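A short write-up of the structure that comes next.
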Amino acid sequence: MTRYRLLQIVLVVLVLAYPLVVAGSPVWARLGALVLLAAIGASAWNIVGGYAGQVSVGHSVFFGIGAYSAVVTYTHLGLPPIAGAPIGMALSVLVAAVIGVPTLKLSGHYFSMATIAVAELVRVLSSTSEFLGGAQGLGGPPVPRGVLDLSFISATPYYYIFLAVLAGLLWLTHMIERGRMGFYLRAIKDSERAARSLGVSAGRYKLYAYMLSAAFTALAGSLYLTMFGFVDPESGFGILISVKMVVMAALGGAGQLFGPLVGALILVPLEELSNSYLGGQGAGLTFVVYGAIIVIIARFLPSGLLSLLDRRRPTAPRASKTVDGHAD
Amino acid sequence: MSMTLVQVVVSGLLLGAVYALFSSGLTLIWGMMNVVNFAHGDFVMLGMYTAVMIWTALGGGPWASVPAAAMLIATLGIASYFLLVRHIMRGPMLAQILGTFGLALFLRYGALWTFGANFKTLPDDLVGHSFILAGIRFEGARVLAGVVGLVVTLLLHLLLTRTAIGSRMLAVSEDATAAQLMGIRPQRMQALAWGMAGAATGIAGALIATFFYTSPTVGETLAIVAFVTVSFGGFGSVLGALVAGLVIGVVESLSAYLIGPVYKDVIVYILFVLVLWFRPQGLMGKA
Amino acid sequence: MIKAMRRTVAAFAALALLGLGGTAGAQQVVKIGAVYPLSGNSASTGNYAKMAFEMGADIINNGNAELAKVMPLAKGGGLPGLKGAKIQMVIADNQGTPAAGQNQTLRLITEEKVAAVICCYQSGITLTASAVAERYGIPFLNAESVAANLTERGFKWFFRTTPVAADFAKAYSTFLNEQKAAGRKVDSIAIVHENTEYGNSVSSVLADAFGKAGLPVTQKIAYSANSTDVQPQVLQLKEKNPDVVIFISYTSDAILYAKTMKELNWKPAILIADDGGFNDPAFVKAMGSVTEGLISRSVFAAGKPGSVAAILDELYKKKTGGDGLDDVSARVLQSFFVMAEAINNAGSADPAKIRDALRAVEMKPEQLVAGYDGVKFDDKGQNVQASTLITQMRNGNYVSVWPKSRATHELILPYKGW
């Protein structure tokens, strides 16, 4: 226990001190911020995709709403983009309710496919919207007007902002996990029929999880916009954004608190470094390596990297859960 | 006016038959194993490159490239099953997305590495010129692809529903353990399904290449169509994929012509969501 | 023992030499960063751009006797203004996403310490990547993004050599009005454009300009890029049968349009393809034979033998294994030579000095590979002498037909097709 505690303290200190450790290299500092940003998105997805087992492959809808809310707040109201974050979160919750009520009835892959279709629908519509800048997209403040624009040269401020948001999100997820809702969600994931027969209002709790997940995905989108300062239909609503959230959570371990973070810790540096060192040759080698590593992990650790730890702990919560893909 | 409309519907039907053809492999695997293959579009892409390679290296047309692509992609399907899919099926459903998405990237960019980023096309008279029948223009390559699409999907459907091997495969998909007790080897049946799906996909790729462009990322364009077609029709239902493919083809063509090409996807997606709203198991899926 | 000592001494000597060589080498190399789409949907374009950069650097560093007659920097031996410093291109992949574009630009500036950046092809990526260069105070040259707002942001380090959509629109309307004056029918114009940033921005600028020039746009068809089928669009055209059709498309759709128009046997009297996919070497090779007489715009036309453009075209063919320069690769190569000229004039790899030199750059048309009227940047960083040529497909190659002063061939109308 004390050794475990010590390890925890060392990890926390490392995470907090990371930007100082790599202070000399803007690229490494930025990499830290990118990992955290990806982890926020994937952890938000994890609430509905991991815990409730509803595999949405259309979360880019909420990411895009967050990003566009932020940029529209700047372009149409002249306010700092981050002021659009609460708007984006509220709007996402609303949209989640509208999408969720009909689609969450669907089982397994049908739900996944319906979410893909809705996301593609929104992407196409957004590119025809004058208000959202059409296909050209919209840019944030080209030159920061003040500190509230959250536009920094150094990645360090982003790192700490993202870290705070991620910590908050993980804490919230942890509370849910331990509380009644977490219990219900696990029951629904294991067998929706059984959960219903026990009197759990499955539809309601799935919808709650979906809405909460949507809100934080939108926040990730708003944060993305403050850092990159631009969004267009592809970088906001593109299918790759949804898929990456799923892949990160699945790689680390979906339905586990730190799964998405672990996934982001592996995938983001892998993507950035392979692009930096192999991308310039222009032969697509980046993605060959990236793809191969994902395949190998899926092949040997289908339940995610964190299942490595579970093997040592015999009472792992879902180590024996292997066939939920075939439950429906 | 009305003649043009007929032309639009006809081209939509031909397009739909092709959609059905390249979706049938996906629906087979989906129905058999409840596995979603995110690399499906890239299997089609490799089938297309097979046709391009056979033309550039040997000067062979579809009669050579269709069997070659069928064999090649069938082999790829069986290899993917034994090396990857068999193992990820033991994990949660998410592992399938993870594994097949990784495979998709690997194949797509492996193709970029091997064949380069340039767009390739086959000569447009490879299959024969376009001809006019009852005032409607038909293009040889599309007619061939459409007809083969119909034939292959119908054959697959008959194979699954009317033959002993088909019922064995369905038994495995219903309950692998029970099938095993009855003396069926589930892995062999599943590998067979991947091989058949691969063959159908290879045929689709080789035929599409005769009237479409081929590039490493072309699979992305086709994959979403295939996903929608398959879930529209109902997972596992080859006949459903055929009907869905035809419906989607005609709806796309008509809405592109009557409303505007930008909105054709919008109409298809709305239709798709509506179908799921009223029939959560797709047009012909089992409830 | 002695052997070991000798070996140690030799090792130290080698180390010392390496060290010296290293520092001396560092002074003799100027790094230029380039961030292009080497993967993703525009990978084909990005890889042609990459070859253009590599060829450009090779010419400056190793020289080319024929080119040296018309281009002083091509004598070889690096940049004379920096005591023969060599140029090293550091090329990175933006993967077609704004995020990767920005990340890679940051890496090139902070890790590779490039003196300047040439970037990014897609307008959206140019927008995000240039913001990084602006913050770090590194000259940022854009060769091909046409979005008007890029030069309106008050940036101090941003330069753009390419003409923008308004320039194309002016060229087309002048060209079409000349055809009208020559007695051709230009009573109905259809604009068919893909629905991402390129098609949307160019089509709206074109429609505006045509309206002002008294040219009637009777049909506007927007479609989603990477279509699986374009028959409905072509049937819409066939039904209305406009005098002029203008396509704004990427390669994938360009190939489908050319194929489908032949399948459905329909052609307008004047068919214009706004650059994009219709200029992709893959399109020209595959579809050139069925699009005889297709009109396009390009900044590139090989011109007469012995000119800068003609020599570079031949060299590029050798580099790519057969594909000559086209609109994009010529614009990329031009941006490279503008940057080389500026660095040479600056006499230093110091970013601020390079920026001042870029502001002062003045190049004449005969020095250029692109068909601009020259290169000279205004206060916003836009090349005010950027212009475009109008070309026509002849026997599987584009030749310049307009303006008269730069035309190598007579314009032939109506469109012949297949």
For region B:102-122: of the residues being surrounded by fewer than 24 Cβ atoms within 10 Å (Cβ to Cβ) and facing chain A (nearest Cβ under 7 Å), which is farthest from residue A:57 (Cα to Cα)?
B:113
Selection status of residue B:21, at negative phi and without any contact (Cβ under 8 Å) to a residue 60 or more places away in the chain
no
Looking only at region A:272-290, which residues are at pLDDT below 85, farther than 18 Å from residue B:104 by Cβ and within 7 Å of another protein chain (Cβ to nearest Cβ)?
A:279, A:280, A:282
When residue A:2 is evaluated against the numbered criteria (1) of a type in the set (Val, Ile, Thr); (2) within 14 Å of another protein chain (Cβ to nearest Cβ); (3) surrounded by fewer than 23 Cβ atoms within 10 Å (Cβ to Cβ), which criterion, by number, is the only one it fails?
(2)
A careful count of residues in region C:380-400 that are of a type in the set (A, V, I, L, M, F, W, C) and crowded, with 22+ Cβ neighbours inside 10 Å gives 4
Of all the residues that make up region C:146-163, how many are buried (at least 21 other Cβ atoms within 10 Å of the Cβ) and either under 30 Å from residue C:216 (Cβ atoms) or not polar (S, T, N, Q) (or both)?
9
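So which residues in region B:32-77 are among the aromatic types (Phe, Trp, Tyr) and under 25 Å from residue B:157 (Cβ atoms)? First the steps, then the outcome.
Step one: filter region B:32-77 for residues among the aromatic types (Phe, Trp, Tyr), giving B:38, B:43, B:49, B:55, B:63.
Selection gives B:38, B:43, B:63.
Listed here are the residues, each with its yes/no results for (1) in contact (Cβ under 8 Å) with a residue 40 or more places away in the chain; (2) more than 24 Å from residue C:412 (Cα to Cα).
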| site | (1), (2) |
| --- | --- |
| C:287 | no, no |
| C:316 | yes, yes |
| C:320 | yes, yes |
| C:325 | yes, no |
| C:332 | yes, yes |
| C:343 | yes, yes |
| C:352 | yes, yes |
| C:357 | no, yes |
In region C:76-96, how many residues are within 12 Å of another protein chain (Cβ to nearest Cβ) and either over 23 Å from the mean Cα position of the chain (by Cα) or closer than 13 Å to residue A:272 by Cα (or both)?
4
Filter region A:119-140 down to the residues that are crowded, with 24+ Cβ neighbours inside 10 Å, of a type in the set (A, V, I, L, M) and within 7 Å of another protein chain (Cβ to nearest Cβ) and list them by number.
A:135
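Could you identify the single residue in B:66, B:127 that is surrounded by fewer than 22 Cβ atoms within 10 Å (Cβ to Cβ) and in contact (Cβ under 8 Å) with a residue 40 or more places away in the chain? Spell out the reasoning first.
Numbers: B:66 fails: surrounded by fewer than 22 Cβ atoms within 10 Å (Cβ to Cβ).
The conditions single out B:127.
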Considering every residue within region C:368-379, establish whether at least one is surrounded by fewer than 24 Cβ atoms within 10 Å (Cβ to Cβ), of a type outside the set (Val, Ile, Thr), touching a strand residue (DSSP E or B) at 6+ places or on another chain (Cβ under 7 Å) and at positive phi.
yes
Being in contact (Cβ under 8 Å) with a residue 12 or more places away in the chain, surrounded by fewer than 24 Cβ atoms within 10 Å (Cβ to Cβ) and of a type in the set (Val, Ile, Thr) is the requirement here; does residue B:73 meet it?
no
Unmet requirement for residue C:366, which otherwise passes all of (1) in a helix (DSSP H, G or I); (2) closer than 23 Å to residue C:34 by Cβ; (3) away from chain B (no Cβ under 14 Å); (4) not small (Gly, Ala, Ser)
(2)
Being touching a strand residue (DSSP E or B) at 6+ places or on another chain (Cβ under 7 Å) and of a type in the set (A, V, I, L, M, F, W, C) is the filter; apply it to region B:46-72 and report the residue that is nearest to residue C:282 (Cα to Cα).
B:52
Just to verify a result, which residue in region B:123-141, among those that are of a type in the set (D, E, K, R) and under 17 Å from residue B:51 (Cα atoms), is farthest from the other protein chains (Cβ to nearest Cβ)?
B:125
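If you go through region C:178-194 one residue at a time, do you hit one that is within 30 Å of residue B:211 (Cα to Cα) and surrounded by fewer than 23 Cβ atoms within 10 Å (Cβ to Cβ)?
First, pick out the residues of region C:178-194 that are within 30 Å of residue B:211 (Cα to Cα): C:189-194.
Next, only the ones that are surrounded by fewer than 23 Cβ atoms within 10 Å (Cβ to Cβ) stay: C:190.
Checked region C:178-194: at least one residue is within 30 Å of residue B:211 (Cα to Cα) and surrounded by fewer than 23 Cβ atoms within 10 Å (Cβ to Cβ).
Are any residues in region B:80-101 more than 7 Å from every other protein chain (Cβ to nearest Cβ) and either of a type in the set (Lys, Arg) or out of contact with any helix residue (DSSP H, G or I) (no Cβ under 6 Å at 6 or more places or on another chain) (or both), and if so, which ones? Write out each step before concluding.
At the first step, the residues of region B:80-101 found to be more than 7 Å from every other protein chain (Cβ to nearest Cβ) are B:80-83, B:85-86, B:89, B:100.
Across region B:80-101, the qualifying residues are B:80, B:82, B:83, B:85, B:86, B:89, B:100.
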Step by step: first the residues of region A:5-45, then only those that are in contact (Cβ under 8 Å) with a residue 40 or more places away in the chain and hydroxyl-bearing (Ser, Thr, Tyr), then the one that is nearest to the other protein chains (Cβ to nearest Cβ). Which residue is that?
A:43
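Within region B:226-243, take every residue that is buried (at least 24 other Cβ atoms within 10 Å of the Cβ) and of a type outside the set (Gly, Ala, Ser) and give me the one that is modelled with the lowest pLDDT. Step through it out loud before you land on a result.
Going residue by residue through region B:226-243, those that are buried (at least 24 other Cβ atoms within 10 Å of the Cβ) are B:226-238, B:240-242.
Checking which are of a type outside the set (Gly, Ala, Ser) leaves us with B:227-230, B:232, B:235, B:238, B:242.
Values: B:227: 89, B:228: 88, B:229: 91, B:230: 90, B:232: 89, B:235: 83, B:238: 88, B:242: 92.
Checked region B:226-243; the qualifying residue modelled with the lowest pLDDT is B:235.
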For region A:188-206, which residues satisfy the criterion of being surrounded by fewer than 18 Cβ atoms within 10 Å (Cβ to Cβ), without any contact (Cβ under 8 Å) to a residue 24 or more places away in the chain and of a type outside the set (Lys, Arg)?
A:194, A:197, A:198, A:199, A:201
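The values are calculated or read from the model by the stated rules, or taken from the named source; none is laboratory data. Just so you know, these numbers come straight off a predicted model, no measurement behind them. Don't worry about glycine lacking a Cβ; one is built from the backbone with ideal geometry, like all the others, and counts go over all protein chains shown.
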